[in-house]
Amino acid sequence: MPKRGPFPVTSCDCAACRAACLNSPGWFMPNQIAPLADHLELSLAELFRQKLAVGVTQMPDGGQVHGVMPHKLRDGKKPGTVWSLSELAEPGRCIFFDRGRCTIYKYRPFECARMMHDRPRAAVTLRHRIVPRWTKESLREFAELVGQKLKAAKSAPR
Ligand code: SF4
């Protein structure tokens with residue numbers, strides 16, 4: 001259960017966690033993608049095209065920044081694509097959620113592993129902790145895969 005720090009790793013399958021799995025998958029940290037690809041025995045490109053997506057977050061200054069998340073299963077959307085804020089606002093089951101369980105539990109996104117339950121402000125802070133990790137360099141390969149520019153946060157990771 002909880003480890004040190006403001007965002008302890010949690011482990012539960014309560015209604016709030018399941019709701020996130022059914023509606024709003026969490027974001028990965030950049031250094032989580034390669035281990036997940038190895039675990040699934042896929043190349044990074046294959047993993048992205050088959051299972052992941054580029055998400056977007058609106059920052060307090062109104063700007064939008066990108067990061068990588070599990071694909072959400074939704075009509076008309078394929079894995080390996082970029083999601084808009086309005087698309088993300090619609091529900092969609094995480095591609096890794098199967099029969100009530102996370103199928104990549106050990107490799108689940110940083111954000112999923114630190115579910116903030118009924119603390120919406122903390123959830124926003126958590127996302128803002130992740131966002132700066134998605135630098136231009138971290139996003140470069142995904143930008144090439146989707147064939148468009150992706151927006152990195154301005155601030156450097158702490
Ligand atoms: S990666 Fe796992 S924990 Fe995260 S939303 Fe998907 S199924 Fe849920």
- Per the helix-only model, the chain has a calculated mean residue ellipticity at 222 nm (DSSP H runs of ≥4, -39500 (n - 2.57) each, divided over all residues, rounded to the nearest 500) of -9000 deg cm²/dmol
- Query: Assigning unit charges at the beta carbon (Lys, Arg +1; Asp, Glu -1) and nothing else, what dipole magnitude in debye, to the nearest 20, does region 54-96 show about its Cα centre?
  - Reply: 240 debye
- On full extension of the chain, what length is gained from Arg74 through Glu90, given 0.36 nm per residue of separation minus the C-alpha to C-alpha distance? 4.9 nm
- Item | Check: the chain dipole with +1 on Lys, Arg Cβ and -1 on Asp, Glu Cβ, in debye | 420 debye
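What is the dipole size for region 22-109, taken about its Cα centre, with +1 at each Lys and Arg Cβ and -1 at each Asp and Glu Cβ, in debye to the nearest 20?
Computed charge dipole of region 22-109: roughly 280 debye.
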- What is the Cα coordinate range of the chain on the first, second and third principal axes, sorted by size from largest, in whole angstrom? 38, 35, 29
- Message: Only bridges whose two residues both fall in the chain count here: according to DSSP, what percent of them are antiparallel, nearest 5?
- Response: 90 percent
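To the nearest 0.05, what FRET efficiency results for Arg119 and Asp38 with a Förster distance of 22 Å applied to their C-beta separation? Intermediate values should be presented prior to the final figure.
Working: r = 33 Å, r/R0 = 1.49.
Efficiency for this residue pair is about 0.10.
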- Query: Between Ala53 and residues 5 or more places away or on another chain, which pairs have amide H atoms under 5 Å apart, with H built 1.01 Å from N, and which residues are they?
  - Reply: Met69, His71, Gly80
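Values quoted throughout were computed directly from the atomic coordinates according to the rules given, and no laboratory measurement underlies them. It should be emphasised that the depicted structure is a prediction, and the values quoted were computed from it without experimental measurement. Neighbour counts run over all protein chains shown; Cβ positions are idealised from the backbone, glycine included.
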